[in-house]
1. Do we find that residue 100 is without any contact (Cβ under 8 Å) to a residue 12 or more places away in the chain, surrounded by 10 or more Cβ atoms within 10 Å (Cβ to Cβ) and of a type in the set (S, T, N, Q) in this structure?
2. When region 17-33 is examined, which residues are found to be touching a residue at least 24 places away in the same chain (Cβ under 8 Å) and among the hydrophobic types (A, V, I, L, M, F, W, C)?
3. Could you list all residues from region 74-129 that are over 25 Å from residue 20 (Cα atoms) and outside any helix (DSSP H, G or I)?
Amino acid sequence: MGAKKYYAVKQYSYQVKDAMLQKLFAPSGPSITELAAESGISDFTLRKWKKECGRETPTMGKNKREKSGNKNWSNAQKLDAIIQTTEMSEEELGIYLRKNGLFSSDLENWKNKLSQEENQTDRQQLKSENFELKKQIKEHVRDLRRKEKALAEATALLVMKKKAELIWGKVEDDES
């Protein structure tokens, strides 16, 4: 039977982990393979850290339990960030993102979510307007039918009056 192999597990400080994650998430940062060769940390470890980090930003020197990133941003702050970054160059955008603990994908997600909410609001507004217009159309159709019936009745009476005049002549009022 073969002997089990045990691998030594290195413990890295949060500062080292944060520094490596910052480099990985930098807009023009090195690839995992390049960073592994440069730092001496295995690419498996770097991939694991990146996966653990998920869509959140690295902790940037904070205690691991402290949260950073975009989870605590209000909608107004998100909109402000989108507006501020709209006309930034790539360098300025990278600085802004690192300073605020964001990813460019966060901004894109916020923009998409904002446009979806706007589209949903527009759709709801259009639905209510459509409902009101349909209601008005029904009322107009009902009113039009009523007026058409009245017009048809008035026309029939006028035709009958003319026929009666042709047959019996004009009827003069009794008072004259």
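1. Working: without any contact (Cβ under 8 Å) to a residue 12 or more places away in the chain: no; surrounded by 10 or more Cβ atoms within 10 Å (Cβ to Cβ): yes; of a type in the set (S, T, N, Q): yes.
In short, no.
2. So in region 17-33, the residues touching a residue at least 24 places away in the same chain (Cβ under 8 Å) come out as 17-18, 20-22, 24-28.
Residues satisfying the conditions are 20, 21, 24, 25, 26.
3. 74, 86, 87, 88
Bear in mind that the values in this text are calculations on the coordinates, not laboratory data. Source: prediction; values computed, not measured. Heads up, the Cβs are rebuilt from the backbone with ideal geometry, glycines too, and the neighbour counts pull from every protein chain shown.
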